[in-house]
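Just below is one structure, and these are the notes that go with it.
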Amino acid sequence: ADADAYVLCPQTEAARMAVAAGVAVWHYEFSHFMPSPTAPGGGCDNGVELDVVEAGASATWATHGAEVRYVFGSEQNHDTLSGRPRIADCPFSPAERRLSDEIGAYWAGLAREGDPNSGGGAGGGRAWWPAYGAGANWTSLVLGVGGGVARA
């Protein structure tokens, strides 16, 4: 409930306001949780309260900021929330490596051309990332091992 009230609802409203002002917006939801390889406290997800979640417990959600390692392809996480700051090794599975490659291509296209679908951001098996609000189409790209496009 806190995440909805303080993060999700305000960022969705901000995205809608930007669209209304004529700004191109691409909306996403990152939905892949990487549990710690050694519970408790492995540090692969920055949600310290979730660090003891067993492998396979969720494939439909992630904690705030969990996508950053995937954007940059980093298989290490700076675990500063566990009470014992350290660098945690968090190797990607083959599916997670593909996810990281896809996310990196989207972000590179957005940075380079202003559109995540440019420069290899779409194609090659990647979903087309529709602009948020285009033609009253409030869609989000779901970035996770399952992936896809969902209605927001």
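Each value in this text was obtained by applying a stated rule to the coordinates, not by laboratory testing. Values in this document were obtained by computation on a predicted structure and should not be read as measured data. Methodologically, a virtual Cβ is constructed for each residue, glycine included, from the backbone with ideal geometry; neighbour enumeration extends over all protein chains shown.
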Simple SL model, points at 7 angstrom along Cα→Cβ for residue 145 and residue 87; separation in nm is 2.6 nm
For the range 103-118, take each phi angle, set θ = phi - 60°, evaluate the Karplus expression 6.51 cos²θ - 1.76 cosθ + 1.60, and give the result in whole Hz per residue in order, putting x for glycine and proline. 4, x, 5, 4, 5, 5, x, 5, 5, 7, 10, x, 8, x, 7, 7
Collect residues whose amide H, placed 1.01 Å from N in the peptide plane, falls under 5 Å from the amide H of residue 28; neighbours closer than 5 in sequence don't count. 141
Give the long-range amide H neighbours of residue 76: residues separated by 5 or more places, or on another chain, with amide H under 5 Å away, using H modelled in the peptide plane at 1.01 Å from N. 90
